Amino acid sequence: MKDNPHKDPWASYMPADVPYKRASLQGHPEYTRVRIGDVIIGGDELVVVAGPCAIEGTEGALEIARAVKEYGADLFRGGAFKPRTSPYAFQGLGDDALQVFDHIRRDTGLGVVSEVMSIAQADRMAEHVDVLQVGSRNVHNYEMLKCVGRMGKPVILKRGFATTVEEWLLSAEYILAEGNDQVVLCERGIRTFEPSTRNTLDLSAVALLKTLTHLPVMVDPSHATGLRELVIPMARAAVAAGADALMVEVHTNPDEALSDGRQSILPGQFEQLMREVRRISPIIRENNVVECSRE
Ligand code: PEP
Ligand code: MN
């Protein structure tokens, strides 16, 4: 029989047999919960990760950590090693920031998320952080993915700015194949023709992932938009689309920040964000809207 030429090409979009065997929801109908101490990503509650783009010093980082903790952040974020587009831009404090993480953990009790940029850094990073972040520029660094898969730590895997959903899930597969299923996928915007925002936040990917994979999904509206005033609206939208977690950049003095000041919100704005997303989240999560969308 000949194929119907009018057949909807999207009808076959959801492949029956996918290459990301371990990440797939097929054969793994339970959604995975990623545990960082008492914090559960992919559970009943929305999880919020907040902090500066980069650790710039002990006092400043502590001040931000205390503020985000006060307003209800679940985890602290901050870069020690920064993947900057320009080699002349601030590259992060490097190893000196690792002691700052210890300080923050002791002072606030918050778990720490930070980006690992190379295999050589992985072991010492793992001693000072609770979650290893793989940034968008390393989502295709397969040797590093295998390495973080073997570290026995939860991993936040950011989407590359030119990475398809399937390529992203295959990158997650590298980590899962090492026996680590504690992986969170973080949508942080993709590069499109639109220059008004730093990237284009692909919220449809968030809802789509809920139909394709059991891994929890995080959204980073800071890197996705590059603009402070868009962070709260996009955080709201991300929660409504089914995100299990948010990651936002917060700075007490964004105009003086050494990186990403333009997209960093002030602690007072973070308080507002928390108030708003904590109201939206139960409506979405308790009514099981996200899980129903799998039908
Ligand atoms: C970051 O989280 O600070 C970062 C560099 O993000 P991305 O890898 O998404 O650009
Ligand atoms: Mn940043």
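Rounded to the nearest 20 debye, the dipole magnitude of segment 164-287 is 440 debye, with +1 charges on Lys and Arg beta carbons, -1 on Asp and Glu beta carbons, and the Cα centre as origin. Relative to its residue count, segment 209-255 spans a Cα convex hull of 72 Å³ per residue.
When the Cα atoms of segment 26-96 are aligned to their principal axes, the ranges along those axes come out at 47, 32, 17 Å in descending order.
Counting only Cα atoms, the size of segment 154-202 along its three principal axes is 41, 17, 10 Å, in decreasing order. Along the axis of the charge dipole computed for the chain (Cβ charges of +1 for Lys and Arg, -1 for Asp and Glu, origin at the Cα centre), the listed residues A172, P87, T192 are led at the positive end by T192. The length gained by stretching the chain between S196 and T252 to full extension, at 0.36 nm per residue less their Cα-Cα distance, is 17.7 nm. Where does the charge balance sit around Y142 when Lys and Arg score +1, Asp and Glu -1, over other residues with C-beta under 12 Å from its C-beta? Spelling it out: positives minus negatives among the neighbours equals -3. Based on Cα contacts under 8 Å between residues 6+ apart, the chain shows a relative contact order of 20 percent.
Counting every Cα pair in segment 201-295, what percent are over 17 Å apart? The partial results should precede the final answer.
Numbers: 2224 of 4465 pairs.
Distances greater than 17 Å cover 50 percent of the Cα pairs.
With springs only between Cα atoms under 10 Å, which of V48, V165, V113 fluctuates most in a Gaussian network model of the chain? Of the options given, V165 has the highest mean-square fluctuation. Of the peptides 79-90, 58-69, the order by per-residue mean of other Cβ atoms within 10 Å, starting with the highest, comes out as 58-69, 79-90. Here the sum of -39500 (n - 2.57) over DSSP H runs of 4 or more residues, divided by the residues of the chain, equals -11000 deg cm²/dmol at 222 nm, to the nearest 500. Overall shape of segment 79-129 was characterised from the C-alpha gyration tensor. The equivalent ellipsoid obtained from it has semi-axes of 21, 12, 8 Å, in decreasing order. The share of accessible area on the chain that comes from carbon and sulfur is 51 percent, using a 1.4 angstrom probe. Of K69/K158; K69/K146; K146/K210, which sit over 29 Å apart, Cα to Cα? Listed pairs above 29 Å: K69/K146.
Our compactness index for segment 54-195, the C-alpha radius of gyration over the empirical 2.2 N^0.38 Å, is 1.05. Based only on Cα atoms, what mean projected area does the convex hull of segment 124-271 have, in nm²? The Cα convex hull of segment 124-271, projected and averaged over all directions, gives 9.2 nm².
Measuring with a 1.4 Å probe in the full set of protein chains, what accessible area per residue, in whole Å², belongs to the chain?
Here the per-residue accessible area is 45 Å².
What value in Å³ per residue do you get for the convex hull of the alpha-carbon atoms in the chain? Mind dumping the intermediate values first?
On the way: hull volume 42.3 nm³, N = 295.
For the chain, the hull spanned by Cα atoms encloses 143 Å³ per residue.
The values are calculated or read from the model by the stated rules, or taken from the named source; none is laboratory data. Quick caveat: nothing in here was measured; it's all calculated off a predicted structure. A quick note on method: Cβ atoms are made from the backbone with ideal geometry, for glycine too, and the neighbour counts reach across all protein chains shown. Ligands, DNA and RNA are excluded from the accessible area calculation, which covers all protein heavy atoms including side chains. Shrake-Rupley method; radii C 1.70, N 1.55, O 1.52, S 1.80 Å.
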